[in-house]
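Below is one structure; the comments refer to it alone.
Coordinate-derived values only; no laboratory data. What you see is a predicted model, and the numbers here were worked out from it, not measured in a lab. Virtual Cβ from ideal backbone geometry, glycine too; neighbours counted across all protein chains shown.
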């Protein structure tokens, strides 16, 4: 039951499948990206929280690079939504575990959009299993995408932001990275690592005017929630002080604040929970 309940927390990252090495391919829109607009790269943006973030930022008039690993159709739907709601967007295929693909994606961003202004590291996968039964590939695949991918993208994005002497990086972690969860040692280690990486990068990148923060969602109502059934959802809600699941739009709103709001310019190095109060407990 514990694994089923905490599976909802995994919606902090869009589920992707680890892909074999292959050349990065890009899907360029026929329209020119808006000049002067903030250019945002959102990894794992074809569905779930990543799609909600991409749509929200697009609605603010941003140029959005919708990254995906396998789901081209849903990614193109996100692009279409953004264009219909005041922003501009393209979909770019790249596996976050492959450094060459990450480099190629940011090279394209630099060539076409004058570099990345905001990076949202959202891509992630899960491969659950008890430690004693976990295969090396289960461990490594999750670390490669959920942690190494964040490092690769942050490194490439900072190279572009440093030249502008400004930028914002938001890393999507999870409450599992803060508290752990049985059966998810790989996921918890990766997400906990993201929080540590956030603090280190915040200190390194501050001299160039770049802020780095992490967002740690708890139980969020996504497609995964529908699979649990009403009885299980009631049990989940009973453990949440606010008594309900979070919405992807609420997570996207927090990311929007950190990415675009002027008052967030003095916030860096923090891991912010958005969990209905799980971090403080449900009380007696």
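Straightening the chain between residue 242 and residue 207 buys 8.7 nm, computed as 0.36 nm per residue apart minus the Cα-Cα spacing.
Antiparallel DSSP bridges in the range 2-280: what percent, to the nearest 5?
Numbers: 2 of 34 bridges.
Just about 5 percent of them are antiparallel.
Counting every other Cβ atom within 10 Å of each residue's Cβ, 245, 119 order from fewest to most as 245, 119. Each of residue 114 and residue 163 was given a label point 7 Å from its Cα along the Cα-to-Cβ line. The distance between the two points is 1.2 nm.
Distances longer than 19 Å among the Cα atoms of the range 184-284: what percent of all pairs is that? Across the range 184-284, Cα pairs with separations above 19 Å total 55 percent.
If neighbour count is taken as other Cβ atoms inside 10 Å, put 179, 219 in order from fewest to most. Intermediate results must be reported in sequence, preceding the final value.
Values: 179 15, 219 25.
Listing 179, 219 from fewest to most nearby Cβ atoms yields 179, 219.
Here the range 177-251 and the range 33-111 have alpha carbon centers that stand 21 Å from each other. Ordered by the number of other Cβ atoms lying within 10 Å of each residue's own Cβ, fewest first, 141, 275 fall into the sequence 141, 275.
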